[in-house]
1. If I take every Cα pair under 8 Å that is 6 or more residues apart in the chain, average their sequence separation and divide by the length, what percent do I get for the relative contact order?
2. Return the Cα extents of the range 90-208 along principal axes one, two and three, sorted largest first, each rounded to a whole Å.
3. Where does the Debye-calculated log10 I(q)/I(0) of the range 6-81 sit at q = 0.16, 0.17, 0.20 Å⁻¹, using only Cα point scatterers of equal weight, no solvent?
4. Let me have the 222 nm mean residue ellipticity of the chain computed from DSSP H runs of 4+ only, each contributing -39500 (n - 2.57), with the sum over all residues rounded to the nearest 500.
5. Name the aspartates and glutamates eligible as straight-distance cross-link partners of Lys51: C-alpha to C-alpha under 19 Å, and not fewer than 8 places from it in the same chain.
6. Once R0 is set to 35 Å, what does the formula 1/(1 + (r/R0)^6) return for the Cβ-Cβ distance between Asp179 and Ser2, expressed as a FRET efficiency to the nearest 0.05?
7. In Å³ and rounded to a whole number, note down the convex hull volume per residue for the Cα atoms of the range 1-43.
8. Going by average Cβ neighbours within 10 Å, how do the peptides 16-25, 191-200 rank, with the highest at the top?
Amino acid sequence: MSWGAFGCSFTKFKWYTWADFLKINVSKSKNYGLSGSSNEFICRQILKHGKKHNNIVVMWSGYDRIHNDYYLNEHGYNAGRHRGNDVPLTQLLERSLEYIWLANHYCKINNIKIYNFSMTILEIAETKKITPIPEYLDINHKHWPIDMVQYCLENPSKFSQQNHDGHPLPSQHYNYFKDIISPNTGISVKEIPQQSLDDFDKKAVDTC
């Protein structure tokens, strides 16, 4: 059984992520993550590579990210977040959700099992009033597991205060994989000693 991992820098980074722990725990897996990826780009990657895998684990990115082929070709990674006021946030949100719906629909019609997780919440809440998800976009995201940003806030590493990068540290990726991804996908997790996780985190913060 083959597995594919998709996402942004929360999926593929300069230190261990949940996708690396996926690879440790299943015999066949490939990581298609790319830093700065929008949900549009992640969707494209699933459409492009999905049929190679029986199972897909995707960590969707922020809704306000956009994709730029020119930037990707020039820099080797995606541009990241949208800048400027020319596109309303609600439009960015709906467009992002449409790509998530498309990826899930593609997997459904191609008999691919997709497991949805998210880097952060897929809702606009800057005004403290949650923008409702359009009813025509049935992605069932209200029932998705806790997003990784919130999980890491609730489960900091002992090195979190030294982490100036902002990305979750390896131990947080491991614990998210063990506590959240594993129960939802049925993947068994090989235990990693806490001292080894601390060593991973220490090495990571030294590169910040």
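Read-outs throughout are calculated quantities, based only on the coordinates presented, and are distinct from any laboratory measurement. Only a predicted model underlies this, so the values are computations on that prediction, with no experimental measurement involved. Cβ atoms come from the backbone with ideal geometry, glycine included; neighbour counts cover every protein chain shown.
1. Relative CO of the chain lands at 21 percent.
2. Taking the Cα atoms of the range 90-208, the three principal extents are 47, 38, 21 Å.
3. -0.55, -0.62, -0.84
4. -11000 deg cm²/dmol
5. Glu40
6. 0.90
7. Here the figure is 56 Å³ per residue.
8. 16-25, 191-200
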